[in-house]
Structure formats: C-alpha cells, structure tokens
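First up is the structure itself, then whatever we jot down about it.
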Amino acid sequence: MKTNKITLSLAVLILGGTTMLFSCKEDPNTIEESTTVQNSLEEQEVVTHVMTKEDQEKLTPQMVIDDLKAGNERFINQRATNRDHSEQVRKTKTGQYPKAIILSCVDSRVPVEDVFDQGIGDIFVGRVAGNFVNTDQLGSMEFATKIAGAKLVVIMGHENCGAVKGAIDKAELGNLTSLLQKIQPAVAAVEEPTEASQRTSKNAVFVDAVIEKNILLNLEETLVQSPVLAEMVENGEIKIVGANYDLSTGKVVFLNE
C-alpha cells in the first residue's frame with residue numbers, strides 16, 4: 001500500500017513537472033515567425049548607399065511618393081531594409097540630398113523614418129504637435145525643396161491624435177493653449193455632428209474627421225502662405241500631399257496624390 005502511495009506521488013510530481021515544462025515553452029508558431037523575420041534580415045544585403053545629387057536629380061515627385069509607399073509596405077510586413085548606419089553617417093557628413101520633407105506630429109508612436117523605411121540622408125522631418133504649418137515649418141519646407149532639392153512635401157497626421165483631441169475639447173495649459181488654437185479651424189470646418197454633446201474627443205468618428213480635415217486645411221495653407229512652394233508646384237518641380245498614419249496597423253494612406 002505504501003509502495004502504491006509513493007508511486008502515485010512520484011507520478012503526480014513527474015506529471016506536474018511535465019506540465020510546468022510545457023507551460024514554459026514558447027509557442028512554436030511564434031518562434032517560427034520570429035526566426036523567419038530574423039533570417040530574412042540576415043539574408044538581406046546590407047545597404048551602405050546614401051542619396052547622392054545624381055540620385056536626387058533623377059527623381060520625380062511621383063517617384064518619391066511611390067518610394068514612400070513601398071517603404072511603408074516593408075515596414076508593415078517587417079521587411080525593413082538592412083542598413084549600415086555607421087557607414088551612412090560617414091558618407092553623409094559632407095552633404096545631404098534628401099528626396100522629401102515630411103511634417104508630422106510629435107507623437108512618439110509615429111517614427112517617421114521607420115514608418116517609410118528610410119535611411120540616413122533620405123528625408124527631412126519636421127515635427128510639431130498637431131502637424132500644422134507655421135512660418136518656421138514653411139521656411140523649413142522652402143529650404144528642403146528650393147535649396148536642398150527635395151521633390152516632395154508631405155503633411156502627415158495620425159489616428160487618435162492627442163493634439164486634435166485637445167483642440168476639440170478646448171484644453172488649456174500654458175503654451176499648449178496657443179498651440180491647440182492652431183487646430184481650431186479644422187474643428188470648426190467639420191460640420192457634423194451638430195450636437196455639442198457629440199463634438200467631443202470621446203466621439204472617435206468626429207475625431208477622425210477633424211484629423212483628416214486638419215491635414216487638408218494645412219495643405220491649402222501651405223500653398224497660400226508660401227509663394228515659393230506654390231510656384232514650384234505650378235512648375236511641376238514638387239508635389240505637396242497629405243497622409244494619415246494608422247496607429248493600429250502602421251499603414252499610411254495618402255490623401256490627395
């Protein structure tokens with residue numbers, strides 16, 4: 001009888017240990033997926049090339065849009081370019097020939113270069129909460145295009161933007177109060193819903209509408225406030241487009257290309 005009890009206890013201990021071992025194992029599918037991505041990166045040729053003046057001169061605005069779209073697809077599908085950043089740093093120390101300038105929100109969840117799979121020296125990035133244009137941002141865009149040769153200007157907003165939500169709710173805090181007022185025209189321009197109770201940051205549909213309207217209004221404002229950029233658009237030297245980044249998927253949708 002005692003022997004049976006000991007045997008039973010050992011069996012329980014062994015089974016318990018086995019259960020614990022199985023519970024500590026990683027999901028085979030997760031391991032396989034992670035290994036596949038890692039192997040893919042290791043198999044890629046390491047890119048050391050950086051944008052040159054010759055590269056930049058060959059580009060058209062539409063080619064740059066297509067390049068950013070392709071880069072975003074790589075980002076979404078975990079196929080980012082394998083770059084030697086140290087070598088790119090060395091190669092760009094004497095000059096830069098970016099293909100685009102992108103104005104984005106400051107949101108930490110929108111890493112612009114990563115989102116478009118761009119390397120060192122590929123794009124200019126300007127950032128301000130709410131991605132609106134002002135004199136400083138417009139001057140930066142003029143420098144990037146007229147002087148540095150970039151072929152594309154992108155104004156990019158994003159899903160669930162805190163600055164837009166703050167503007168909708170008329171939040172006030174130090175200098176942030178003045179900043180959020182720059183987004184008020186977009187809030188006012190979205191006519192529906194009309195009920196005040198629905199025009200709040202809790203209404204996701206309304207927030208999305210204001211985010212998109214804010215992008216479009218700033219595209220218009222860019223052309224109005226910058227004769228330099230407007231002339232370049234008229235001459236076909238550059239394009240100015242809007243884009244919206246989905247925090248849930250990593251997808252960038254271009255609005256008016």
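Could you tell me whether segment 149-169 includes any residue that is loosely packed, with under 14 Cβ neighbours inside 10 Å, charged (D, E, K, R) and in the same structural domain as L229 (by TED's automatic domain parsing)? There is no residue in segment 149-169 that is loosely packed, with under 14 Cβ neighbours inside 10 Å, charged (D, E, K, R) and in the same structural domain as L229 (by TED's automatic domain parsing). Of the set (1) under 30 Å from L59 (Cα atoms); (2) in a helix (DSSP H, G or I); (3) not hydroxyl-bearing (S, T, Y), all apply to N244 but (2). D107: in the same structural domain as I211 (by TED's automatic domain parsing), of a type in the set (D, E, K, R), assigned to a loop (DSSP other than H, G, I, E, B) and in contact (Cβ under 8 Å) with a residue 40 or more places away in the chain, yes or no? Against the criterion (in the same structural domain as I211 (by TED's automatic domain parsing), of a type in the set (D, E, K, R), assigned to a loop (DSSP other than H, G, I, E, B) and in contact (Cβ under 8 Å) with a residue 40 or more places away in the chain), D107 qualifies. Annotation note: of T135, T177, the sole residue that is polar (S, T, N, Q) and more than 28 Å from V228 (Cβ to Cβ) is T177. In this structure, does E42 turn out to be under 30 Å from S140 (Cα atoms), among the acidic types (D, E) and at pLDDT below 90? When the stated conditions are applied, E42 does not pass them.
The values are calculated or read from the model by the stated rules, or taken from the named source; none is laboratory data. Since we're looking at a predicted model, the values are computed, not measured. Here Cβ is always computed from backbone atoms with ideal geometry, including for glycine, and neighbour counts include all displayed protein chains.
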